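Q: Quick one: this structure, given as structure tokens, is what I'll be asking you about.
Where a number appears in this text, it was derived from the coordinates with a stated rule and is not lab data. All values reported here derive from a predicted model rather than from experimental measurement. Positions of Cβ are generated from backbone atoms using ideal geometry, with glycine treated the same way; all protein chains shown enter the neighbour counts.
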Amino acid sequence: MIEIKDLLLRFNGFLLSEEIKKEYIQSVISDIVNIQIKKEDIKIKNGTLFLNIKPIYKSEIFMKRDQIFFELEKKLGKKAPKNIR
């Protein structure tokens, strides 16, 4: 029988991986576009990256989208987001 602590450890690992993804995304965008984004403004759902930022910053990110995805693929592999909204 599985103990509750084992289940909680599984979910803790999942949550940490989401936080790590957000940190990588923050770092890559900061390096490439020189824009600082808060972790609270980054959401990942079904392989799509949602950014809650000003439209002018989104435009700059969209212009360098290919470079951002390339760097994210190197760091996150298959778990990297495939689209930005």
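Q: Could you point to the residue in 55, 17, 80 farthest towards the positive end of the chain's charge dipole, with +1 and -1 charges on the Cβ of Lys/Arg and Asp/Glu respectively?
A: Toward the positive end, the furthest listed residue is 55.
Q: Please report 74, 43 as a ranked list, fewest other C-beta atoms within 10 angstrom at the top and most at the bottom.
A: Working: 74 11, 43 14.
Ranked by crowding around the Cβ, least crowded first: 74, 43.
Q: Quick check on my link table: of 54/79; 5/78; 5/39; 39/75; 21/54; 22/54, which ones sit more than 23 Å apart, alpha carbon to alpha carbon?
A: Exceeds cut-off: 54/79; 5/78; 5/39.
Q: Kindly provide the pair-distance distribution of the chain built from C-alpha pairs, with 10 Å bins from 0 and whole-percent values in order of increasing distance.
A: Spelled out per bin, shortest first, that is 16, 49, 20, 10, 4, 0.
Q: Mind listing the long-range amide H neighbours of residue 84? Cut-off is under 5 Å, sequence gap 5 or more, other chains count too, H placed in the peptide plane at 1.01 Å from N.
A: It is 49, by chain and number.
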